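The values are calculated or read from the model by the stated rules, or taken from the named source; none is laboratory data. Computed from a predicted model, the values in this text were never measured in an experiment. Every residue, glycine as well, gets a Cβ built from its backbone with ideal geometry; the counts of neighbours run over all protein chains shown. These accessible areas exclude ligands, DNA and RNA; they are computed on the full protein's heavy atoms, side chains included. Shrake-Rupley method; radii C 1.70, N 1.55, O 1.52, S 1.80 Å.
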Amino acid sequence: MPAGEPAGAPDPPGTRRSVGRRAFVVGAGAGTPAAGAEPPGGAAAGALPDFHPLLKDELRFPLAWGTSPVRDFRTWRRVARAKVEEHLFAGRDDTPYAPEFGGQRAEGDGFTRESVTFSLTRYGRVRGALLTPHGTGPFPAVLLLHDHGARFDIGKEKLVRPWFDESRLSSAQAWADRYFSGRFVGDELARRGYVVLAVDALGWGDRGPVAYEDQQALASNLYHLGSSLAGLMAREDVRAAGFLAGLDRVDRRRVAVLGFSMGAFRAWQTAALSDDIAAAVSVCWMTGLKEVMVPGNNILRGQSSSYMLHPGLARYLDFPDVASIGAPKPMAFLNGGLDPLFPADGVRVAHDKLRAVWRSRHAEERLRLKTWPDLGHVFTAPVQDDAFDWLDAVL
């Protein structure tokens, strides 16, 4: 800011600020993120360069549907998906899954629990929690994608009761009590007749735990290795969707993906990138990029954002633009009006974009945009019931 100019003074029309020889940094970590988004020990300061408004102004999202010169929607979907995949920095993977079923079986209330180990990528095998309803299939299925929450000792166990490891049950139940009205979402879906699969993302549960402050190092090291933490997670989620859809017990035409918080980001991203997904439910993660990048917002802290950051992609597509690649699939975006992580104007901008895309496909009835004004960053029983009833109707 030039010497002597009052803070907040408007620029003359057409003025573009220049930083000159000195680079200023604006602190951006004073706000208090939602419960579960903080690391143990309190907040860390985020930072923005003082020229960040200029960078925001340059984000025009030229590949978004309706802005892109590509006017045929199917062609646009191919072009937009290819652009996203280009920015994943993680290659496609056709490694055989080679699953091993039947480990640690147990009976639930109307369904069977079992562990399954399979090759999620060529880099290693993972243990998944697989729930199958009693009865004769094939059944509809849901891929469950867990949240972040700065809690790494449990991943899949946040959504599926850890019958296979009682030492994790206390932590898992506490998480369910805090965010899910005491329910295990996967168990609820299995009781309703869905095959359910949940696996750990890199850093959680069996594949961790990492420490909160190690996330940026993990992301940086993957960049050095020519890969990407967010891109690898995206590829893994698509692979998991393909594995679930390919099971004999599953009706591959009726496979959905569902997630809360970071899992919601993963859910709409997977719906955009995978043809194996027929429907998606994203709870508490949708916004416009410009509107969420404001001082005090959790996204500016770095760390957890590394799992959702595809460098350079914002030069082409906003978050709702990426989600729109999934159109006209049935997709639900549910959020709490008191969610401090996602400002209301950011949610509104995103919803307006999504609505316009589905409307252009004459499929607005397949898009569910709902806000619970009295809820924050949670996936409580009433929201779950709404989501499950919607899935029953669209699958």
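Results, tabulated for the structure shown:
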{"read-out": "Region 305-320, residues that are open to solvent by less than 10 Å² (accessible area, probe 1.4 Å) and part of a helix (DSSP H, G or I)", "value": "Y307, P320"}
{"read-out": "Residue within region 248-269 that is of a type in the set (V, I, T), surrounded by fewer than 24 Cβ atoms within 10 Å (Cβ to Cβ) and over 16 Å from R81 (Cβ atoms) present", "value": "yes"}
{"read-out": "For G103: the one exception among (1) surrounded by 13 or more Cβ atoms within 10 Å (Cβ to Cβ); (2) within 30 Å of R192 (Cβ to Cβ); (3) in contact (Cβ under 8 Å) with a residue 12 or more places away in the chain", "value": "(1)"}
{"read-out": "Residue in region 179-189 that is part of a helix (DSSP H, G or I), of a type in the set (A, V, I, L, M, F, W, C) and in contact with an Asp or Glu (Cβ under 9 Å, 6 or more places away or on another chain) present", "value": "no"}
{"read-out": "Verdict on G288 being over 19 Å from A234 (Cβ atoms), of a type outside the set (A, V, I, L, M, F, W, C) and within 15 Å of the chain's Cα centre (by Cα)", "value": "yes"}
{"read-out": "Scan of region 374-395 for residues that are part of a helix (DSSP H, G or I) and exposed (fewer than 15 other Cβ atoms within 10 Å of the Cβ), ordered by number", "value": "A381, P382, D385, D389, D392, A393"}
{"read-out": "Verdict on S228 being polar (S, T, N, Q), at pLDDT 95 or above and under 19 Å from the mean Cα position of the chain (by Cα)", "value": "yes"}
{"read-out": "Which listed residue is open to solvent by 50 Å² or more (accessible area, probe 1.4 Å), in contact with a Lys or Arg (Cβ under 7 Å, 6 or more places away or on another chain) and modelled with pLDDT of 95 or more, from D57, D109", "value": "D109"}
{"read-out": "Pairs, first without any contact (Cβ under 8 Å) to a residue 60 or more places away in the chain and more than 18 Å from R192 (Cα to Cα) in region 118-147, second open to solvent by 10 Å² or more (accessible area, probe 1.4 Å) and among the polar types (S, T, N, Q), C-beta under 6 Å, six or more apart", "value": "S119/T95; R122/T95; R125/T117; R125/S119"}
{"read-out": "Candidate set: region 336-373, residues that are outside any helix (DSSP H, G or I) and farther than 21 Å from M262 by Cα; chosen: the one most open to solvent (accessible area, probe 1.4 Å)", "value": "H362"}
{"read-out": "W163 being outside any strand (DSSP E or B), open to solvent by 20 Å² or more (accessible area, probe 1.4 Å) and either within 24 Å of R254 (Cα to Cα) or among the hydrophobic types (A, V, I, L, M, F, W, C) (or both)", "value": "yes"}
{"read-out": "Inter-residue pairs, beta-carbon under 7 Å, first under 23 Å from A327 (Cβ atoms) and in region 78-97, second in a loop (DSSP other than H, G, I, E, B) and of a type in the set (S, T, N, Q), 6+ apart", "value": "L88/S228"}
{"read-out": "Of all residues making up region 168-191, the number that are under 16 Å from S115 (Cα atoms) and either open to solvent by less than 10 Å² (accessible area, probe 1.4 Å) or among the small types (G, A, S) (or both)", "value": "3"}
{"read-out": "Pairs where the first residue, in region 368-383, is over 22 Å from G186 (Cα atoms) and the second is of a type in the set (K, R) and open to solvent by 50 Å² or more (accessible area, probe 1.4 Å), C-beta under 9 Å, 6+ apart", "value": "L369/R355"}
{"read-out": "Residue list for region 62-86, restricted to those being part of a loop (DSSP other than H, G, I, E, B), surrounded by fewer than 20 Cβ atoms within 10 Å (Cβ to Cβ) and of a type outside the set (K, R)", "value": "P62, G66, T67, S68, P69, V70, D72"}
{"read-out": "The one condition in (1) farther than 20 Å from D147 by Cα; (2) open to solvent by 10 Å² or more (accessible area, probe 1.4 Å) that A245 fails to fulfil", "value": "(2)"}
{"read-out": "Subset of region 192-217 (residues that are of a type in the set (A, V, I, L, M), under 19 Å from H146 (Cα atoms) and surrounded by fewer than 22 Cβ atoms within 10 Å (Cβ to Cβ))", "value": "L202, V210, A211"}
